[in-house]
Amino acid sequence: MEKPYKLIHIETATPKAPESAVMIIYTGGTLGMVYNEDQALVPFDFQNILDEVPSLKNFNLKITVASFHNLIDSSNVSPKHWDDIAGLVEDYYEEYDGFIVIHGTDTMSYTASAISFMLEGLNKPVIFTGAQLPIGAARSDARENLITAIEIASQKLNHRPIVSEVCIYFDNLLLRGNRSKKVESVQFDAFQSENYPVLAEAGVIIEYNFSALRPFQTEAELKVRKNIQQEVAILKVFPGISQSLVDGILSIEGLRGLVIETYGSGNAPTEKWFIDALNRAIEKDILILNVSQCMGGKVIQGRYQTSMDLQSIGVISGSDITTEAAITKMMYVLSHAHTKEMQQSYLIKPLRGEME
Ligand code: ASP
């Protein structure tokens, strides 16, 4: 079967044996765009990366780009693309010390979260990055983001990678991927991780927050979990939400998991029709996970009277998880935990550091 990508080897012109090997997986997004002769933005051919980022030549690294044939705006990303990214990490895991994924910012937190669940036992850096301005633009943030992401993906301490998890590097910050959220579409500081400390900050040096980084797991073996389920939905509550909207979502044919975005510390309307609708869904074996609409803080079911019914009918608390991590975790859990009890037990605990 034809691979969905082509491989491009980058000459970093070093006479020495490279210190590390990094694979760049190029999926699309703004970072890789340049202006064509008509001044329209078009995806860039990574073959010419050294023209855009000449300082890459100074790295003493083996760099290979896996460039997808079909480069996408990340609004079009789907679980099929997640399988392709995870598959590349699986196929080249032994050959490379670290992986960079160039991805559009719009859904980067969803993809980074999904990939974190799909790569069980990961012991190498998988660093997502992108840019707010295309690499071909004079003031672009693309060069700095790409260069520092490569540096982080190749750095080792005592022969071990410093980072051994899925992260996002953007605008000087290294964040845990499944804790991140896109919060800004105009300024360069596009991502935040409100409920988890920054993993590293790049200034004159890259300062790592060792107590927040996931430790290297000596015994871990990579297992790649593909084909994650899509029979899931997100229901955001709002004042005036109608019964027909809630019933409509809960009666979707084949629905197996619902993430409900509630207010504050997990509170929702207490009207009978609302609780009854959720209760009927739970009785039909639909898993319901409660996450907060707030960026910071966490769900504490039972703290207010307005979340007590949710608790008593069996809605699962998502604690301080983001919506992006919650929906991708639900997809993963429905696919790879085979009993209802296992699925529930996976949802209430952190699997990849995505919740406390
Ligand atoms: N719409 C673009 C995307 O997510 C924005 C970006 O690359 O930052 O692919």
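Residue 201 falls short on exactly one of the conditions (1) within 12 Å of residue 174 (Cβ to Cβ); (2) surrounded by fewer than 13 Cβ atoms within 10 Å (Cβ to Cβ), and that condition is (2).
Selection over the stretch 299-323 of residues that are in a helix (DSSP H, G or I) and under 18 Å from residue 231 (Cβ atoms) gives a count of 1.
Within the bounds of the stretch 144-157, is there any residue that is of a type in the set (Lys, Arg) and within 13 Å of residue 53 (Cα to Cα)? No, the stretch 144-157 contains no residue that is of a type in the set (Lys, Arg) and within 13 Å of residue 53 (Cα to Cα).
Scanning the stretch 49-71 finds no residues that are of a type in the set (Val, Ile, Thr), within 26 Å of residue 353 (Cβ to Cβ) and buried (at least 18 other Cβ atoms within 10 Å of the Cβ). Across the stretch 146-194, what is the number of residues that are within 17 Å of the chain's Cα centre (by Cα) and farther than 23 Å from residue 114 by Cβ? Result for the stretch 146-194: 1. Mind checking whether some residue in the stretch 41-48 is under 21 Å from residue 190 (Cα atoms) and among the aromatic types (Phe, Trp, Tyr)? Within the stretch 41-48 (the criterion being under 21 Å from residue 190 (Cα atoms) and among the aromatic types (Phe, Trp, Tyr)), the answer is no, since none of the residues qualifies. Scanning the stretch 278-335 for residues that are free of Cβ contacts under 8 Å to residues at least 40 places away in the same chain, under 19 Å from residue 182 (Cα atoms) and in contact with a Ser or Thr (Cβ under 7 Å, 6 or more places away or on another chain) turns up 291, 292.
Of the residues making up the stretch 313-330, just one is farther than 28 Å from residue 273 by Cβ and surrounded by fewer than 23 Cβ atoms within 10 Å (Cβ to Cβ), namely 320.
Counting just the residues of the stretch 105-121 that are surrounded by 24 or more Cβ atoms within 10 Å (Cβ to Cβ) and either among the hydrophobic types (A, V, I, L, M, F, W, C) or more than 21 Å from residue 226 (Cβ to Cβ) (or both), which one comes out nearest to the ligand (Cβ to nearest atom)? The qualifying residue nearest to the ligand (Cβ to nearest atom) is 108. When you check residue 64 against the structure, is it within 15 Å of the ligand (Cβ to nearest atom), in a strand (DSSP E or B) and not aliphatic (A, V, I, L, M), yes or no? When the stated conditions are applied, residue 64 does not pass them. Checked against the criterion of being over 16 Å from the mean Cα position of the chain (by Cα), more than 16 Å from the ligand (Cβ to nearest atom) and without any contact (Cβ under 8 Å) to a residue 24 or more places away in the chain, the stretch 135-144 contains one or more residues that satisfy it. Among the numbered conditions (1) touching a Leu at 6+ places or on another chain (Cβ under 6 Å); (2) outside any loop (DSSP other than H, G, I, E, B), the only one that residue 207 does not meet is (1). When the stretch 210-238 is filtered for residues that are under 30 Å from residue 284 (Cβ atoms) and in a loop (DSSP other than H, G, I, E, B), the ones remaining, listed by number, are 225, 226, 227, 228, 229, 230, 231, 237, 238.
Put simply, of 300, 252 the only residue that is crowded, with 16+ Cβ neighbours inside 10 Å and at pLDDT 95 or above is 300. Checking the stated criteria, residue 197 turns out not to satisfy the condition of being farther than 26 Å from residue 291 by Cβ and assigned to a loop (DSSP other than H, G, I, E, B). Considering only residues in the stretch 124-134 that are in contact with a strand residue (DSSP E or B) (Cβ under 7 Å, 6 or more places away or on another chain) and touching a residue at least 60 places away in the same chain (Cβ under 8 Å), the one that is nearest to the ligand (Cβ to nearest atom) turns out to be 130. Among the candidates 259, 291, which residue alone is crowded, with 20+ Cβ neighbours inside 10 Å, at pLDDT 95 or above and out of contact with any Asp or Glu (no Cβ under 9 Å at 6 or more places or on another chain)? Going through 259, 291 in turn, the sole match is 259. In this structure, residue 102 qualifies as among the hydrophobic types (A, V, I, L, M, F, W, C) and within 14 Å of the ligand (Cβ to nearest atom).
Could you go through the stretch 85-94 and let me know if any residue there is within 17 Å of residue 26 (Cβ to Cβ), hydroxyl-bearing (Ser, Thr, Tyr), at pLDDT 95 or above and part of a helix (DSSP H, G or I). Taking every residue of the stretch 85-94 in turn, at least one turns out to be within 17 Å of residue 26 (Cβ to Cβ), hydroxyl-bearing (Ser, Thr, Tyr), at pLDDT 95 or above and part of a helix (DSSP H, G or I). Being among the acidic types (Asp, Glu) and more than 26 Å from residue 161 (Cα to Cα) holds for only one residue in 84, 97, 45, 91, and it is 45.
Within the stretch 1-58, being among the β-branched types (Val, Ile, Thr) and away from the ligand (no atom under 16 Å from the Cβ) holds for 8, 10, 12, 14, 22, 49, 53.
The values are calculated or read from the model by the stated rules, or taken from the named source; none is laboratory data. Note that the coordinates shown come from a computational prediction; the quantities given were computed from them, not determined experimentally. Ideal geometry is used to build each Cβ from the backbone, glycine not excepted, and the neighbour counts take in all protein chains shown.
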